[in-house]
Structure formats: structure tokens, C-alpha cells
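Below: the structure, in C-alpha cells.
The values are calculated or read from the model by the stated rules, or taken from the named source; none is laboratory data. What you see is a predicted model, and the numbers here were worked out from it, not measured in a lab. When we count neighbours, we look across all protein chains shown, and the Cβ atoms used for this are built from the backbone with ideal geometry, even at glycine. In case anyone asks, the SASA skips ligands and DNA or RNA and just uses the protein heavy atoms, side chains included. Shrake-Rupley method; radii C 1.70, N 1.55, O 1.52, S 1.80 Å.
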Amino acid sequence: MSRATTAFLFDLDGTLIDSVYQHVLAWKEALDKEGVELSVWRIHRKIGMSGGLFANILLRETGMAITEDRLDRLRRWHAQAYGRQAERDEVRPLPGSRELLAFLTEEKIPWAIATSGRMETARHNLEALGVDPGKVPVVTRDQVRHAKPDPDLFVTAAERLGIDIQRSLVVGDSIWDMLAAQRCRALGIGLLSGGYGQQELESAGAFRVYEDPAGLLKHIDEVAARS
């Protein structure tokens, strides 16, 4: 029985790659370097939204002046710190990531990646995952006007696949992914692998929640419609 045309639009960090806490530590290093004192847990609660919006909110919470120079430094230092972790092989695919993507490819179910990270950090994750941006649609923060929780990343990914966004499934690990899915009327699938709880993801709009990509693959018939 063939499957109806449905596209899977994946977030990257925390969804396919076990990298959320590496990003947290990279941001912590960047903020410390800039003299911004902030608890690690506050940083974690904002991972998944766009880097620019993330930095703006953090600086606003600390009462520090927000300037383009400061934001550029923070983004640059974060990318450098994250790159060092990736080079030490501390960034790896989550259980079931490669198998899930291989299954979708074999079943001819379209899929794409939409990440709020810029290509300078996303390339480490794509390499770890074995995804070639020349063969698979990959939309990064560099390519859209607004990142999550705005839906631009996922809308663009669906367009590149030639699929109606309302027939797409947004798979993410943060409330920002689920909010973006709601805003473009896609169905949101939440994963617990980013550190958010099931209730948080469901409250933000997730209609199904699984532990990680392996859990989603195990229950794939719950979300991938058949024709």
C-alpha cells in the first residue's frame, strides 16, 4: 500500500543531532567572553529559536545594551566554541536518526531539514548525519528573513520539496518548533531529546510526542498517512 504525499520537515539540533547541550555550553562561553552573566538553565530554555532573537532576549534580560557589534561577536564566538566541540567528536546523531532518514528515502517520502542555525554551525551536524545539502533540501537561518518561532524555515523547506506546508509534518524538539508549526498550519511532532517535557511540547501544539528519532521510527505508522 503506497503512502500519501506527506513531507517530513526536520529541525536539526536536538531532533536529529544530540547537540543541544553543546550549544548551551557554546553560548555560555560566548556570553562569558562578552561579560554577560547568565545561568546555564536560562540559556537552555531558549535553544531552538533563531540565534539573533536568542541573543537579543538574553541581553534584554540582563539589562545590557543591544548593539549589532555585540550580537555579531556573540554569534561568532558561539560558532567558534561549537565548532571546537564538533571537531572533538562531541556532536553525534541521536539514536535512530540515520535509520529514520533512510526509511523515509526508501519509502519515497519527501523530507528536508530546516534549522535555525547558520550554515557555519549546521555543516558540522550535517556531516555527522551524513546529509549532503546538494542532494537534500537544507534550509538554514542564512536563507530566510525570520527564524523560529516564525515559520519561514519550514515554509521554505516545504516549497523546495514542492509540497503544501499544510500536508507537512514538522519534527522538532523545542516549543519554538511547535509554535512555528502551528503558525504555518503544519502538524507538529515533538521529540523529548532536546530537554523539553511532553506536556510543554503538547501545550505548544505537538499532536504526537516521542522520545527520539528511534521512537518516531518505531511508531511511524501513527503519523505517515497511507493512501
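Take L217 and decide whether it is more than 14 Å from G48 (Cα to Cα), surrounded by 16 or more Cβ atoms within 10 Å (Cβ to Cβ) and in contact (Cβ under 8 Å) with a residue 40 or more places away in the chain. Show your work before the answer.
Numbers: more than 14 Å from G48 (Cα to Cα): yes; surrounded by 16 or more Cβ atoms within 10 Å (Cβ to Cβ): yes; in contact (Cβ under 8 Å) with a residue 40 or more places away in the chain: yes.
When the stated conditions are applied, L217 passes them.
Mind listing whichever residues of the range 27-49 are over 18 Å from Q80 (Cα atoms) and among the aromatic types (F, W, Y)?
W41, the sole residue that qualifies.
State the number of residues belonging to the range 74-109 that are among the charged types (D, E, K, R), under 25 Å from A181 (Cβ atoms) and surrounded by 15 or more Cβ atoms within 10 Å (Cβ to Cβ).
So the answer is 1.
Please note which helices (runs of 4 or more DSSP H) are completely contained in the range 1-108 and include at least 3 residues that are free of Cβ contacts under 8 Å to residues at least 24 places away in the same chain and of a type in the set (D, E). Write out each step before concluding.
Details: elements: 20-33, 40-44, 51-62, 68-87, 97-106.
By residue number, 68-87.
Could you check, for the range 57-71, whether at least one of its residues is closer than 25 Å to D142 by Cβ and crowded, with 22+ Cβ neighbours inside 10 Å? First the steps, then the outcome.
Of the residues in the range 57-71, the ones closer than 25 Å to D142 by Cβ are 57-60, 66-71.
Imposing the further condition that a residue be crowded, with 22+ Cβ neighbours inside 10 Å reduces the set to none.
Within the range 57-71, none of the residues are closer than 25 Å to D142 by Cβ and crowded, with 22+ Cβ neighbours inside 10 Å.
Within the range 207-227, work out how many residues are of a type in the set (V, I, T) and outside any helix (DSSP H, G or I).
Residues of the range 207-227 that are of a type in the set (V, I, T), as a first pass: 209, 220, 223.
In the following step, the residues that additionally are outside any helix (DSSP H, G or I) were identified as 209, 223.
Count: 2.
Spot the failing condition for T5; the list is (1) under 21 Å from K135 (Cβ atoms); (2) open to solvent by less than 20 Å² (accessible area, probe 1.4 Å); (3) at pLDDT below 85, and only one is missed.
(2)
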